[in-house]
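The values are calculated or read from the model by the stated rules, or taken from the named source; none is laboratory data. Just so we're clear, the structure is a prediction, and the values are computed from it rather than from any experiment. Here the Cβ is made from the backbone with ideal geometry for all residues, glycine too, and neighbour counts use every protein chain on show.
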Amino acid sequence: MNIVVCVKRVPDTETKIRIAGDGKSIDPTGVEFVINPFDEFAVEEAIRIKEKQGGDITVLSLGPADAQTIMRKAYAMGAEKGVHLSDESGNCDTLAIAKALAAQLKEMPYDVILMGKQAVDLDDSCVGVQVANILNIPVVTRIIKLEFANGKAKIERESDAGTEILEVTLPAVFTAEKGLNEPRYPKLMDIMKAKKKPLDQKNAQLDPPKLQVVKMEYPPARAAGKIVGEGADAAPALVNLLVNEAKVI
Amino acid sequence: MNFQFTEEQKAMIEVGKDFAEKEILPTQEEDEKAHRFRPERVKQMAELGFFGCVIPEEYGGNATGHLCAALLTEEIGRISASWTLPFNMQMWGPAFTILNFGNEEQKQKYIPALVNADLIGAFAITEPNSGSDVAGMGTTATKVDDGYVLNGQKMWISNAHVSNCSLVYAYTDKSKKHKGMSCFLVDLNNTPGIKTAAIETKLGLHCAPTGEISFEDAKIPKDALLGNEGDGFKICMFQLNNTRLGCAARGVGIARACHEEAIKYAMDRTQFGQPIAEFQMIQEQLAEMVVEYEAARLLVLKAAFEKDQGNIGNTLSVSTAKFFAAETAVKASNTAMKVLGSYSYSSEYPVERFFRDAKSLQAVEGTSNIQKMIIARAVTAK
């Protein structure tokens, strides 16, 4: 089975984000970049598939030079090889990214394409669906379980109504939800071996973006909390505020 | 000169940080109260290769180096000082010493098993009446036809009652003074004549077991001898010069935990209408904590770097790092206690644990006074 995992470098979720001087991008100064946590679930799932039934894992990432750092992390976890689609500009929208990834995917064998359900930087949740559309293959988003039998995939995904159990033909795109698995820690020895695994680098072929970020703004500062009183006597005032001011009940 | 970590070192730091935060932190306070040691966690750390850093691949290690081991120790120590002990107990103590003084059979038998934690390691130097004065120890190993018979007592031994592979230092010939000391590899908990008991009265490091050992005509085989008879003192000094690095890195971890906790609190805590971090006296405290942490860390990394360059016997650098890191950890925890005020006095916050754990560093692996003596003697040597 040929498995391709798409990974993206995103700012560490512990990073305090600052808007850059242009007012429409993130200031990268002092920002630590990590593998997108949802993509990490995808990498772990790919490795588990390989361990269970064999297969070949290719990591695919589009981004600047240091995207290779997160690809090496996927290597240290157990992936064997990868392709880095290089782009230093960052001037692209999800459709351009999906087209570039799909163009690369068309040049390589794939049965299963895995990636996170969203990247935690911009939270667009688009690329998985767009890649599947361009390749004209099915996509199942937000999966929490993935199994294979008779050339088909059996998937579980959660919705507000309960758990859906789906079946889909391969090849297909799957986007990972938290809960799919618990990613492993890379072993020190595998971190050392990761730097010797093959990594192809190509320039990403990106269409001009159709979507422009016009402006970024910080969320408004949170208002101070209000103490309405203490004990049972305060309950009526609290209920009044919850009903009439906060309008939550 | 290069202060840049490699991509691999950064990846290893990340593993250490993730492991500490996701595996150790969730049960840390509960384990602390229960004085709980988790052997399965030693195994888990071993599987990631944590105890193989200074061990070549042929003995089950990964040869990533002392620097990598020090960085991992710092990351673990930031969350739990107790859980840095296994770096010394498995790797820098027994395994690395056997690597340097053992015969091939001993290396094959013990090193991979310590690295993968099939054996739980220890080393036994201190006695009820001898601490800093190592040569003043009273434990003896009397040679008999097919081995040695151990008699004596050891005290404050990490892992004493859970270890099955300990270095034990004892006199084979007391008349030769320190040149009559020898080092043995002993199974502390499966050898007739050896009794171990836990010491439960410690101030801190509650998740790292400590105990005492008594030897009463305990017979050990001939091949338990590490190196030659009379090598014990030399081996002991070699070992301390490596386990001391582990202690220093632990101190750096504690110091970092202290200023991180103090900074977080000072920015959150409002008094007189502003966060206390905006008061100059608090700022001075935070600034000193950060500066001293950075300085201690650089001393530790330098000592580790020197070892990776082949200078294993870098006593002056290691003692300098150990002294400063220990004192820094104690001072940082003391300052963090002041910044957090009454909250620091409660076990609801981790700072009182940092304070209790840090104090051990001024005693273990050579007291702060002993480190200063080593440093002063080195710089005044003619």
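Assorted remarks:
Conditions tested, residue by residue: (1) surrounded by 16 or more Cβ atoms within 10 Å (Cβ to Cβ); (2) part of a helix (DSSP H, G or I); (3) not aromatic (Phe, Trp, Tyr).
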position: B:Leu185; (1), (2), (3): yes, no, yes
position: B:Leu188; (1), (2), (3): yes, no, yes
position: B:Glu200; (1), (2), (3): no, no, yes
position: B:Leu203; (1), (2), (3): no, no, yes
position: B:Ala218; (1), (2), (3): yes, no, yes
position: B:Arg244; (1), (2), (3): yes, yes, yes
position: B:Cys247; (1), (2), (3): yes, yes, yes
position: B:Gly253; (1), (2), (3): yes, yes, yes
position: B:Cys258; (1), (2), (3): yes, yes, yes
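- Screening the range A:170-203 for residues that are surrounded by 18 or more Cβ atoms within 10 Å (Cβ to Cβ) and of a type in the set (S, T, N, Q) and picking the one that is nearest to A:Gly128 (Cα to Cα) gives A:Thr175.
- Residue check, B:Val291 crowded, with 21+ Cβ neighbours inside 10 Å and in a helix (DSSP H, G or I): no
- In this structure, A:Val239 does satisfy being part of a helix (DSSP H, G or I), more than 14 Å from chain B (Cβ to nearest Cβ) and surrounded by 11 or more Cβ atoms within 10 Å (Cβ to Cβ).
- For A:Glu167: the one exception among (1) crowded, with 16+ Cβ neighbours inside 10 Å; (2) of a type in the set (D, E, K, R); (3) away from chain B (no Cβ under 14 Å): (1)
Residue-wise test of (1) of a type outside the set (A, V, I, L, M, F, W, C); (2) closer than 21 Å to A:Ile143 by Cβ.
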site: A:Thr29; (1), (2): yes, no
site: A:Phe33; (1), (2): no, no
site: A:Leu62; (1), (2): no, no
site: A:Ala79; (1), (2): no, yes
site: A:Val83; (1), (2): no, no
site: A:Thr94; (1), (2): yes, yes
site: A:Gln104; (1), (2): yes, no
site: A:Tyr110; (1), (2): yes, yes
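- Residue in the range B:62-75 that is closer than 23 Å to B:Tyr349 by Cβ and more than 10 Å from chain A (Cβ to nearest Cβ) present: yes
- Flag for B:Met89 being more than 10 Å from chain A (Cβ to nearest Cβ) and modelled with pLDDT under 95: no
- In the condition set (1) among the acidic types (Asp, Glu); (2) at pLDDT 95 or above; (3) surrounded by fewer than 22 Cβ atoms within 10 Å (Cβ to Cβ), B:Asp357 is compliant with all but (3).
Residue-by-condition table, conditions (1) within 19 Å of the chain's Cα centre (by Cα); (2) more than 19 Å from A:Gly63 (Cα to Cα):
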site: A:Leu105; (1), (2): yes, no
site: A:Ile134; (1), (2): yes, yes
site: A:Ile137; (1), (2): no, yes
site: A:Ile144; (1), (2): yes, yes
site: A:Asn150; (1), (2): no, yes
site: A:Ala153; (1), (2): no, yes
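- Summed over the range B:33-44, the residues that are in a helix (DSSP H, G or I) and more than 10 Å from every other protein chain (Cβ to nearest Cβ) give a count of 7.
- Screening the range A:7-117 for strands (runs of 3 or more DSSP E) wholly inside it with 2 or more residues that are within 14 Å of chain B (Cβ to nearest Cβ) and surrounded by fewer than 22 Cβ atoms within 10 Å (Cβ to Cβ) returns the ranges A:33-35.
- Inside the range B:220-236, residues that are without any contact (Cβ under 8 Å) to a residue 60 or more places away in the chain, assigned to a helix (DSSP H, G or I) and in contact with a helix residue (DSSP H, G or I) (Cβ under 8 Å, 6 or more places away or on another chain) make up a count of 0.
- The range A:184-201 residues that are away from chain B (no Cβ under 11 Å), paired with ones that are part of a helix (DSSP H, G or I) and hydroxyl-bearing (Ser, Thr, Tyr) (beta carbon under 7 Å, 6 or more apart): A:Lys197/A:Tyr75
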